[in-house]
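The values are calculated or read from the model by the stated rules, or taken from the named source; none is laboratory data. The structure presented is a predicted model; accordingly, all values stated were derived computationally and were not measured. When we count neighbours, we look across all protein chains shown, and the Cβ atoms used for this are built from the backbone with ideal geometry, even at glycine.
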Number of protein chains: 2
Amino acid sequence: MERLPGFRDFYPEPLPHNDVWSADARQYIFENWRTTARRYGFREYDGPPLEPLDLFTTKSGSEIVAQLYNFSDKGNREISLRPEMTPTLARMVAAHERSYKKPIKWFAIPQLFRYERQQKGRLREHFQFNADLIGETDPAADAELIALLIDALRSFGLTEEDFVIRLSSRNAWHDFFQQGGSDSSHEYDFFQAIDKLERSAPEENEKKLTALGFSLAAVNAFIEKGAPTVELQGIIDNLAARGLKDFVKVDYRVIRGLAYYTGVVFEAFDRKGEFRAIAGGGRYDNLVKLISGGKVDLPALGFGMGDVVLVELLKARNLLPKFDTHMDVYVLIEDEHLRRPSLKLIHDLRAGGFAVDYPLTPAKADKQFKRAQELKVGHTVQLESEAYVRIRNSASRDEVVAGVGDVKNHLG
Amino acid sequence: MERLPGFRDFYPEPLPHNDVWSADARQYIFENWRTTARRYGFREYDGPPLEPLDLFTTKSGSEIVAQLYNFSDKGNREISLRPEMTPTLARMVAAHERSYKKPIKWFAIPQLFRYERQQKGRLREHFQFNADLIGETDPAADAELIALLIDALRSFGLTEEDFVIRLSSRNAWHDFFQQGGSDSSHEYDFFQAIDKLERSAPEENEKKLTALGFSLAAVNAFIEKGAPTVELQGIIDNLAARGLKDFVKVDYRVIRGLAYYTGVVFEAFDRKGEFRAIAGGGRYDNLVKLISGGKVDLPALGFGMGDVVLVELLKARNLLPKFDTHMDVYVLIEDEHLRRPSLKLIHDLRAGGFAVDYPLTPAKADKQFKRAQELKVGHTVQLESEAYVRIRNSASRDEVVAGVGDVKNHLG
C-alpha cells in the first residue's frame with residue numbers, strides 16, 4: 001500500500017533512502033524555529049488543520065479554490081485543509097483580542113496543504129514557520145519581525161553570504177502608481193504586473209504596463225534606482241542598529257502575489273539564486289477587520305518560512321547535522337541471573353534522565369557490544385554482581401568498577 | 001467566522017477563556033511524551049495526516065468508514081484523514097524494514113481525526129502519543145512498552161495512587177473459549193461480548209454468552225479469579241524488577257474493541273474511575289503482514305495515549321503547571337537617544353540565549369515597568385549611557401550597574 005502522491009513519510013535517521021525526509025531533521029528545524037521565536041518574545045499558538053472554506057475565500061477570493069484541498073464533510077459543510085495560517089490567526093485574534101496586550105507577538109508551525117495539478121516531485125503539504133505581530137503600525141514592528149526572520153535563518157548556521165532579505169513596499173509602488181495618474185481601480189492589476197516582471201517576457205510586461213498607462217522603462221528605472229522610502233529607511237536603520245544591515249537590501253521587484261498585503265513586503269532568498277524564496281511576508285493591515293466582519297480592526301504583519309526550501313538549502317550548504325540515536329548508555333546483560341537487577345538499574349538511569357537501551361532478550365556478548373556501538377552510546381554499563389557495575393567510556397575506552405548506586409556519577 | 005465544530009484553537013496562556021485549550025499546555029504534554037520516549041530508546045517518526053481510505057478499511061473493515069473523516073479528492077481518490085496511527089506505521093515499516101535493526105522502537109505524536117455523529121462538546125480531533133515496538137515476540141517487549149507507558153504518565157507527576165494499568169490477554173480468553181469447545185469462527189463474537197460486559201446489562205450479557213455456549217457466571221468467575229497466565233506473570237515480574245509492580249493489575253474485563261489485537265492487551269485508567277481510558281494498547285502480531293499484503297511478517301505491539309483525557313485528569317489532580325511567558329529580560333528604553341544601542345544590546349542578549357522583550361515604540365516609564373511585571377521577567381535592563389547598564393533583579397529588587405559588555409554575567 002502506497003502513501004498519497006505529494007505527501008511525505010518522516011523516518012528516524014539513519015534513513016533507508018536518501019530521498020526520504022527524516023523526523024529528526026524536521027524536529028531539528030522546528031526546535032530552531034521555536035527557540036528563536038521565544039527569544040524574541042513570540043508565543044506559540046495553533047488552530048485546526050481544517051477550517052470552513054469561507055475563511056479562505058473571504059480573504060483570497062474564490063479563484064483560490066482551485067488550489068485548495070477542499071471538500072464537503074458528512075454534515076454538508078464546505079471545508080478545506082488549511083493552505084496558509086494567516087486567516088486562522090486573524091479569526092483567533094478577532095475572537096479574543098481584548099484578552100491580549102498589544103502588540104501581540106505569536107508564532108505557529110502548522111502543516112499546510114495545497115491541491116495543485118500533479119507535477120512530478122511537487123509536494124502537496126509542507127510545514128511552515130509563521131510569525132506575526134499584531135496591533136502596531138510603526139515600522140519598528142516591521143524591523144522586529146524581519147530581525148526574527150534573519151535570526152531564525154542564522155540559527156541554522158546560514159550567514160549573510162548565504163541569504164538576503166529583499167525588502168520592498170506596496171506604499172512605494174502605490175505612490176509610483178498615483179504619480180502616473182492612472183485610475184486607482186487598476187492599482188491591483190498594476191501590482192500583479194509588477195509581481196510577474198521577473199517571470200514574464202519583456203514584451204509581455206511592456207504590453208501589460210502600457211495598457212495601465214506606464215512604460216516598462218519607467219518601472220525598470222524605479223527598480224534600478226531602488227531608493228528606500230522613509231519607512232524602509234527606518235527599518236534598515238533599525239536593523240543596522242542590531243548589526244543586521246548586511247542581511248537586507250531594497251528590491252522593488254518584490255511585491256508579493258497575495259491580494260491582502262498593504263505596506264512593507266519582503267522575501268528571503270539564497271544569494272546564489274538556486275532556490276525558490278525561503279520565506280516571505282509583509283503587512284496586512286486590513287485583514288483582521290475583513291475576517292472579523294468589521295468587528296475588530298488591528299494592523300498586522302507576518303511572515304511564513306516553509307520547511308522544504310529551507311532543508312534543500314541547508315543540505316546544499318552542508319549545514320544539516322547528522323542525526324544519530326542520541327542514546328547515552330547501553331546496559332549489557334551477559335549473565336541472565338543479573339537481568340532483574342539490570343532492569344532495576346536501567347529504570348533508575350532512565351529516571352535520572354539518561355537515554356538507555358539494553359538487550360530485551362538473552363543475546364551473545366559480541367552481539368550486545370555491536371549493538372552498543374551502532375547506537376553510538378557514550379557508555380556501556382554491565383553489572384558484575386548485584387552490588388557492582390563495570391562502566392566503560394566508549395570514546396576513551398576507560399573502564400571503572402563502581403557501586404550500583406554510584407553509576408550516575410560516572411556517566412558525566 | 002467560527003471554527004468547525006469538534007475542533008480546538010490553541011491560544012498562548014494566560015487564556016482568554018477557561019474552556020479553551022492552550023498551546024503551552026499542549027507543548028508541555030508533547031515534551032514530556034517525547035522526553036520519556038527518548039529515554040527508552042524510542043525514535044520519532046511521522047506520516048501523512050491523509051492516507052488512502054483502503055489503508056484503514058483493510059485493517060478495520062468497511063464499517064469503520066462511518067467514523068472516518070473521508071472524502072474523494074480532486075483526482076477522484078478515496079482518501080481519509082487518519083483516525084489512528086498504527087496502519088501508517090505498519091505501511092512505513094513494511095516499506096523499509098530491512099534498513100532498521102530489530103526490535104524497532106518508534107514513537108509519534110500525530111493529530112487524529114474522527115467524524116462521529118455530533119455530540120455536544122465531543123471532539124473530532126485529538127493528539128495521541130503512539131509508541132510501538134516491532135520485531136520481538138518475547139513478553140519482555142510487552143513489559144518494556146508498558147514500563148514506557150507508566151513512566152510517561154509519571155512524568156506528569158501522576159503516581160500509583162492516581163492510575164493503574166489494567167493488564168489482560170486475548171490468549172487467556174482464547175484458551176477459555178477453546179475449553180468451552182465452541183466453534184472457533186465465533187471467537188471474535190465472543191471477544192466482542194467480553195468487550196461489552198461493563199457497558200451492557202447483565203441480562204443482555206447472559207443472552208449473548210449463552211448463544212455462544214458460555215454462561216455469564218463462568219465468565220465472571222474467570223474474571224473474578226484473575227489468575228495471570230504465564231505470559232502475564234512474566235510481564236508483571238519484569239515490571240516488578242523495575243519497581244513498577246504497584247502500577248499494574250490483571251483485569252480480564254479489558255480485551256480492546258479493535259479486531260486486530262492478538263495477545264496481551266492493556267488500558268490505563270485513573271484509580272477513581274472518573275474518566276474514560278487514559279491509554280490503551282496491545283499486541284498486533286498479524287497487522288504488518290496484512291498491511292504489506294503478505295510481504296513483511298513482523299510481530300508488533302503498541303499503545304496510544306490521547307491528549308484530551310490526560311489533560312482533564314491532570315487538571316482534576318492539580319498537576320497542570322501554570323504557564324507564563326517565559327521571558328528572561330525586559331529592556332527599558334526611557335531615553336529615546338539610547339534606542340539604537342538598546343537595540344544592539346537586545347540583539348546581543350537574544351543571541352546569547354535570553355528571551356528578551358522591549359517597548360517597540362516610545363512609551364512612558366511606568367507603562368514599560370508595568371509591562372515588564374506582566375511578562376514576569378527575571379531582570380529589567382536599562383542603558384544609562386552607551387557604555388553602562390542598570391540591571392535590576394525582579395525578585396530581590398537588587399540593582400547593579402555594569403559595563404554594557406558585561407550584562408550577561410549579571411543575568412544568571
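Of everything in region B:250-280 that is on the phi < 0 side of the Ramachandran plot and small (Gly, Ala, Ser), the residue that is surrounded by the most Cβ atoms within 10 Å (Cβ to Cβ) is B:Ala268.
Taking region A:225-267 as the range and being under 11 Å from A:Arg170 (Cβ atoms) and within 13 Å of chain B (Cβ to nearest Cβ) as the test, no residue passes. A search for C-beta distances below 7 Å between a residue of region B:326-347 that is within 11 Å of chain A (Cβ to nearest Cβ) and under 22 Å from A:Glu44 (Cβ atoms) and any residue that is in a loop (DSSP other than H, G, I, E, B) and among the hydroxyl-bearing types (Ser, Thr, Tyr), counting only pairs 6+ apart in sequence or on different chains, returns B:Tyr330/B:Tyr358; B:Ile346/B:Tyr358. Look at (1) in a helix (DSSP H, G or I); (2) within 9 Å of chain B (Cβ to nearest Cβ); (3) closer than 23 Å to B:Asp19 by Cβ; (4) touching a strand residue (DSSP E or B) at 6+ places or on another chain (Cβ under 7 Å) and you find that A:Trp106 fails only one, number (1).
One residue stands out in region B:76-88 among those that are facing chain A (nearest Cβ under 10 Å) and hydrophobic (A, V, I, L, M, F, W, C): the one that is nearest to the chain's Cα centre (by Cα), namely B:Leu81.
Quick check on my filter: what residues within region A:372-394 are surrounded by fewer than 19 Cβ atoms within 10 Å (Cβ to Cβ) and closer than 29 Å to B:Glu31 by Cβ? A:Glu374, A:Lys376, A:Gly378, A:Ser394 - these are the residues of region A:372-394 that are surrounded by fewer than 19 Cβ atoms within 10 Å (Cβ to Cβ) and closer than 29 Å to B:Glu31 by Cβ.
Of everything in region B:386-397 that's free of Cβ contacts under 8 Å to residues at least 24 places away in the same chain and in a loop (DSSP other than H, G, I, E, B), which residue is nearest to B:Val329 (Cα to Cα)? Don't jump to the end; show me each part of the working.
Taking region B:386-397 first, the residues free of Cβ contacts under 8 Å to residues at least 24 places away in the same chain are B:387-388, B:390-397.
Among the residues that remain, those that are also in a loop (DSSP other than H, G, I, E, B) are: B:387, B:394-397.
Values: B:Ala387: 19, B:Ser394: 10, B:Ala395: 13, B:Ser396: 15, B:Arg397: 14 Å.
Of everything passing the filter in region B:386-397, B:Ser394 is nearest to B:Val329 (Cα to Cα).
Screening B:Ile146 on (1) in a strand (DSSP E or B); (2) buried (at least 24 other Cβ atoms within 10 Å of the Cβ); (3) of a type outside the set (Phe, Trp, Tyr) shows it passes everything except condition (1).
So which pairs qualify, if the first residue must be in region A:90-117 and free of Cβ contacts under 8 Å to residues at least 24 places away in the same chain, the second must be of a type in the set (D, E, K, R) and surrounded by fewer than 19 Cβ atoms within 10 Å (Cβ to Cβ), the Cβ gap must be under 7 Å, and the two must be at least 6 apart or on different chains? Listed pairs, sorted by first residue: A:Lys101/B:Glu374. The residue of region A:362-385 that is nearest to A:Tyr330 (Cα to Cα), among those that are touching a Ser or Thr at 6+ places or on another chain (Cβ under 9 Å) and among the polar types (S, T, N, Q), is A:Thr380. Might you check whether a residue that is buried (at least 18 other Cβ atoms within 10 Å of the Cβ), touching a His at 6+ places or on another chain (Cβ under 9 Å) and hydrophobic (A, V, I, L, M, F, W, C) occurs anywhere in region B:323-338? Yes; the residues of region B:323-338 include at least one that is buried (at least 18 other Cβ atoms within 10 Å of the Cβ), touching a His at 6+ places or on another chain (Cβ under 9 Å) and hydrophobic (A, V, I, L, M, F, W, C).
Restricting attention to region A:365-412, the residues that are within 21 Å of A:Glu336 (Cβ to Cβ) and not basic (Lys, Arg) add up to 19.
Just one of the numbered conditions (1) more than 9 Å from chain B (Cβ to nearest Cβ); (2) more than 25 Å from B:Arg77 (Cα to Cα) is not true of A:Glu13: (1).
Could you say which residue among B:Leu112, B:Leu148, B:Leu158 is closer than 22 Å to B:Arg242 by Cβ and within 14 Å of the chain's Cα centre (by Cα)? It would help to see each step written out before you state the result.
Numbers: B:Leu112 fails: closer than 22 Å to B:Arg242 by Cβ; B:Leu158 fails: within 14 Å of the chain's Cα centre (by Cα).
When all the criteria are applied, what remains is B:Leu148.
Looking at region B:61-69, can you tell me whether even one residue there is more than 30 Å from A:Val331 (Cα to Cα), modelled with pLDDT under 95 and either within 20 Å of the chain's Cα centre (by Cα) or polar (S, T, N, Q) (or both)?
First pass over region B:61-69, keeping only residues more than 30 Å from A:Val331 (Cα to Cα): B:61-69.
Filter again for modelled with pLDDT under 95, leaving B:61-69.
Cutting the leftovers down to either within 20 Å of the chain's Cα centre (by Cα) or polar (S, T, N, Q) (or both) gives us B:62, B:67.
Yes: one or more hits.
Looking only at residues of region B:354-403 that are within 14 Å of chain A (Cβ to nearest Cβ) and among the acidic types (Asp, Glu), we find that the one that is nearest to B:Thr325 (Cα to Cα) is B:Glu374. The numbered conditions (1) over 30 Å from B:Ser80 (Cβ atoms); (2) in a loop (DSSP other than H, G, I, E, B) are all true for B:Arg117 except (1). Taking every residue in region B:177-188 that is touching a residue at least 40 places away in the same chain (Cβ under 8 Å) and pairing it with any residue that is among the aliphatic types (A, V, I, L, M), at least 6 positions away or on another chain, the pairs with Cβ-Cβ distances below 9 Å are B:Tyr188/B:Ala259.
A single entry from A:Phe191, A:Phe247 fulfils the requirement of being over 30 Å from B:Ala351 (Cα atoms), surrounded by 15 or more Cβ atoms within 10 Å (Cβ to Cβ) and at pLDDT 90 or above: A:Phe191. Each residue in region A:360-384 was checked for being in contact with a Lys or Arg (Cβ under 7 Å, 6 or more places away or on another chain) and either assigned to a loop (DSSP other than H, G, I, E, B) or touching a residue at least 60 places away in the same chain (Cβ under 8 Å) (or both), and 1 pass.
Every residue, every condition in (1) free of Cβ contacts under 8 Å to residues at least 24 places away in the same chain; (2) farther than 26 Å from B:Leu149 by Cα; (3) facing chain A (nearest Cβ under 10 Å), yes or no:
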site	(1), (2), (3)
B:Arg39	no, no, yes
B:Glu44	no, no, yes
B:Gly47	no, no, yes
B:Glu51	no, yes, yes
B:Asp54	no, yes, yes
B:Ser60	no, no, no
B:Glu63	yes, yes, no
B:Tyr69	no, yes, yes
B:Lys74	yes, yes, yes
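Among the residues of region A:29-49, those identified as surrounded by fewer than 18 Cβ atoms within 10 Å (Cβ to Cβ) and out of contact with any strand residue (DSSP E or B) (no Cβ under 8 Å at 6 or more places or on another chain) are A:Glu31, A:Thr35. May I ask you to say which residue of B:Gly353, B:Gly412, B:Gly403 is at positive phi and either among the hydroxyl-bearing types (Ser, Thr, Tyr) or surrounded by fewer than 20 Cβ atoms within 10 Å (Cβ to Cβ) (or both)? None of the others qualify; the one that does is B:Gly353.
Selection of first residues in region B:207-228 that are in contact (Cβ under 8 Å) with a residue 40 or more places away in the chain and of second residues that are surrounded by 13 or more Cβ atoms within 10 Å (Cβ to Cβ) and assigned to a loop (DSSP other than H, G, I, E, B), restricted to Cβ pairs under 7 Å at least 6 apart or on distinct chains, gives the following pairs, ordered by first then second residue: B:Phe222/B:Tyr252. Residues in region B:372-400 that are touching a Pro at 6+ places or on another chain (Cβ under 7 Å) and not acidic (Asp, Glu): B:Leu383 alone.
Considering B:Ala152, B:Ala143, which residue is within 22 Å of B:Leu298 (Cα to Cα) and aliphatic (A, V, I, L, M)? Steps first, answer last, please.
Working: B:Ala152 fails: within 22 Å of B:Leu298 (Cα to Cα).
Exactly one of B:Ala152, B:Ala143 is within 22 Å of B:Leu298 (Cα to Cα) and aliphatic (A, V, I, L, M), namely B:Ala143.
Evaluating A:Pro299 against the criteria (1) within 9 Å of chain B (Cβ to nearest Cβ); (2) under 41 Å from the mean Cα position of the chain (by Cα) leaves one unmet condition, (1).
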